[in-house]
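Notes follow once the structure below has been shown.
The values are calculated or read from the model by the stated rules, or taken from the named source; none is laboratory data. Remember, it's a predicted structure, so these values are computed and weren't measured experimentally. All Cβ positions, even for glycine, are placed from backbone atoms using ideal geometry, and neighbour counts span all protein chains on display. Side chains are part of the model used for accessible areas, which takes the heavy atoms of the whole protein and leaves out ligands, DNA and RNA. Shrake-Rupley method; radii C 1.70, N 1.55, O 1.52, S 1.80 Å.
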Amino acid sequence: MKDEEALAMALGVNLLAAAGALTAAIHDGVLARGFDGLRPAHGFAFARMAAGGATVTELAAHLGVTRQAAGQLVDELEAKGYAERRPHPDDARARLVVLTDRGRACTRAAEQAAADAVRPWAGVLGEDRLRALTADLGRLAPGGPVRPTW
């Protein structure tokens, strides 16, 4: 049982360290590409909005924050030119938050930064093992949103 506990702790620490390093590298890469005034939590919101927009309520659920906090985050993103509110196509009472051209360009910059960050991993593990790790983690990871904890 002791080995199982040690394995579980080592796995947890290593996964969290890798996720933290990847998040920091993506954030730094986005900033280096000229997209300023952002925090990692903004990127998690971008990920939810990228597929066609989201309501503030949906963003709140995705980020694991209150509706008021999500509304403040959207206000920030609007003020910085990354997102805008539009009438919801299916619900006249709701507003849809969508990425602007600047927000979509920032999302592409994040994708490039992620590729830059993961490239050295392939050098360490090899391409096949990295693909296998990605597939394995996909099977283990729970479905649903990835929530920032900072």
Of Ala70, Ala24, Ala45, the only residue that is more than 25 Å from Thr134 (Cβ to Cβ) and either among the hydrophobic types (A, V, I, L, M, F, W, C) or in contact with an Asp or Glu (Cβ under 8 Å, 6 or more places away or on another chain) (or both) is Ala70
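Kindly establish whether Ala51 is open to solvent by 80 Å² or more (accessible area, probe 1.4 Å) and among the small types (Gly, Ala, Ser). Write out each step before concluding.
Details: open to solvent by 80 Å² or more (accessible area, probe 1.4 Å): yes; among the small types (Gly, Ala, Ser): yes.
In short, yes.
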The residue that is modelled with the highest pLDDT, considering only those in segment 76-93 that are assigned to a loop (DSSP other than H, G, I, E, B) and among the basic types (Lys, Arg), is Lys80
If we keep only residues of segment 73-90 that are in contact (Cβ under 8 Å) with a residue 24 or more places away in the chain and more than 20 Å from Phe44 (Cβ to Cβ), then the residue most open to solvent (accessible area, probe 1.4 Å) is Arg86
Filtering segment 21-32 down to residues that are under 14 Å from Ala109 (Cβ atoms) and surrounded by 15 or more Cβ atoms within 10 Å (Cβ to Cβ) yields Ala25, Ile26, His27, Gly29, Val30
Going through segment 102-142 in order, the residues found to be assigned to a helix (DSSP H, G or I), small (Gly, Ala, Ser) and open to solvent by less than 60 Å² (accessible area, probe 1.4 Å) are Gly103, Ala105, Ala109, Ala110, Ala113, Ala114, Ala115, Ala117, Ala122, Ala132, Ala135, Gly138
Inset, instruction - Within segment 80-91, identify whether any single residue is of a type in the set (A, V, I, L, M) and under 14 Å from the mean Cα position of the chain (by Cα), and answer yes or no. - result: no
Per the list (1) free of Cβ contacts under 8 Å to residues at least 24 places away in the same chain; (2) over 23 Å from Ala24 (Cα atoms), residue check on Ala54 breaks on (1)
When every residue in segment 33-48 that is among the charged types (D, E, K, R) and not in a helix (DSSP H, G or I) is compared, the one most open to solvent (accessible area, probe 1.4 Å) is Arg39
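Let me confirm something: among Leu63, Leu96, which residue is within 16 Å of the chain's Cα centre (by Cα) and either in contact (Cβ under 8 Å) with a residue 24 or more places away in the chain or within 21 Å of Thr23 (Cα to Cα) (or both)?
Working: Leu96 fails: within 16 Å of the chain's Cα centre (by Cα).
Being within 16 Å of the chain's Cα centre (by Cα) and either in contact (Cβ under 8 Å) with a residue 24 or more places away in the chain or within 21 Å of Thr23 (Cα to Cα) (or both) holds for just one of Leu63, Leu96, which is Leu63.
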